[in-house]
Amino acid sequence: MNTIPITLSDGAVPYTVVGGSRGTAGPPGVPVSLVILDRGPRLFRSETLRDFDKLGFDSILCVEEKGELFDVETLCQRFPRLRFIVLGAPADMGTRVNIAIRESSAPYVFVLWNDMGLSTAGLSGRFFERLVEQDLLCLAPFLSSGKGEPIPTAATPALHHSSLKILPLSAGKDATASLYPFDYCGIYSKERFTLLGGYDGRLANPFWQRLDFGFRAWLWGEEIRLAQALRVNYDEAPPEADESIDADYRWFWLKNVAPQFRGDTAVLSRRRRLEYLLSRRREPLQALAEFKAAREWVALNRYRFRSDANSLVDLWEDDAR
């Protein structure tokens, strides 16, 4: 059945939470839970957690698949604010973020990977005050490779011969706009993230899943911007994105590019159906089912839209001039 998730709970996998109590109070002025996604070796996990614990986050949540968790009890005893979210089944990255943000105890949630390092130089009390004042959907960091080289993380939309292109650009200044948070990394407003519906677990390809999240955010009036004070580096090189045209791209196109904004609502016109059918000539019945599901989703959320894809690209280009 081709359905599109509506809320954070839709499509969620079973999981168990182990460790510290929910809502453990952190030092004043740090209303942020830290989420660490698991990728790569855990050779220095204890040292990494110690460094993060010193920063005074409201809580620290590690998201891992069910497996050999021999050191969990020891780590939870050592770090009272630490909790482990143990997944009972494989899950895409967006679903992992959804679960972690739902389980977080603070109004803001900082998502990192375990192969990243965080510079604490800019994380002053004033930074957290501005975080609350701005109250954006997501503040994304300036990222660098293991060699210290800046990574182009400001995803920018552009139209090339009527086709949508995503250009990765380097952020030149604070508050640079980005279509989506690179590699899911950033500080999210839990309330805004939840109202937006989080990441769509129907999309397994991380590139299209992130782009769907970010495009939907901007179309619905939310903002994702880079924060110069927030600096994160990879231990080595960032993962490469798979931008191939696949089934996930088609869902992204139906939900974000195909709808048109008319008056104060969005509409996925029946005229778009022929265009979509032509792109799926070998599977016409499947294409019809997908288009029907997307049209119902757009109709359900029609008043959430503030613009359409063409208007968003035009506005982005105007701001860049």
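The values are calculated or read from the model by the stated rules, or taken from the named source; none is laboratory data. Here the structure is a predicted model, which means the values were calculated and not measured. In this analysis, Cβ positions are derived from the backbone assuming ideal geometry, glycine residues included, and neighbour counts consider all displayed protein chains. The accessibility values were calculated without ligands, DNA or RNA, using every heavy atom of the protein model including side chains. Shrake-Rupley method; radii C 1.70, N 1.55, O 1.52, S 1.80 Å.
Annotation: Asn310 fulfils all but one of (1) within 21 Å of Gly214 (Cβ to Cβ); (2) open to solvent by less than 60 Å² (accessible area, probe 1.4 Å); the unmet one is (2).
Tell me which residues, restricted to segment 248-268, are open to solvent by 10 Å² or more (accessible area, probe 1.4 Å) and either in contact with a helix residue (DSSP H, G or I) (Cβ under 9 Å, 6 or more places away or on another chain) or at pLDDT 95 or above (or both). Steps first, answer last, please.
Initially, segment 248-268 is screened for residues open to solvent by 10 Å² or more (accessible area, probe 1.4 Å), giving 248-250, 253, 257, 260-265, 267.
Scanning segment 248-268 gives Asp248, Tyr249, Arg250, Trp253, Val257, Gln260, Phe261, Thr265, Val267.
Of the residues examined, Gly186 is not one that is modelled with pLDDT under 90 and either over 24 Å from Ala309 (Cα atoms) or within 17 Å of the chain's Cα centre (by Cα) (or both).
The set of residues from segment 217-228 being open to solvent by less than 10 Å² (accessible area, probe 1.4 Å) and either modelled with pLDDT under 95 or part of a helix (DSSP H, G or I) (or both) comprises Ala217, Leu219. Tell me, yes or no, whether segment 229-242 has at least one residue that is of a type in the set (Ser, Thr, Tyr) and either closer than 26 Å to Gly146 by Cβ or crowded, with 16+ Cβ neighbours inside 10 Å (or both). Looking through segment 229-242, at least one residue is of a type in the set (Ser, Thr, Tyr) and either closer than 26 Å to Gly146 by Cβ or crowded, with 16+ Cβ neighbours inside 10 Å (or both).
Between Leu164, Leu112, the distinction of being in a strand (DSSP E or B), open to solvent by 10 Å² or more (accessible area, probe 1.4 Å) and either closer than 18 Å to Ala241 by Cα or without any contact (Cβ under 8 Å) to a residue 60 or more places away in the chain (or both) belongs to Leu164 only.
Looking at segment 82-103, can you tell me whether even one residue there is more than 30 Å from Leu196 (Cα to Cα), in a loop (DSSP other than H, G, I, E, B), open to solvent by less than 20 Å² (accessible area, probe 1.4 Å) and not charged (D, E, K, R)? There is no residue in segment 82-103 that is more than 30 Å from Leu196 (Cα to Cα), in a loop (DSSP other than H, G, I, E, B), open to solvent by less than 20 Å² (accessible area, probe 1.4 Å) and not charged (D, E, K, R).
Within segment 273-294, the residues that satisfy the criterion of being farther than 19 Å from Asp200 by Cβ, open to solvent by 50 Å² or more (accessible area, probe 1.4 Å) and not aliphatic (A, V, I, L, M) are Arg273, Glu275, Ser279, Arg281, Arg282, Glu283, Pro284.
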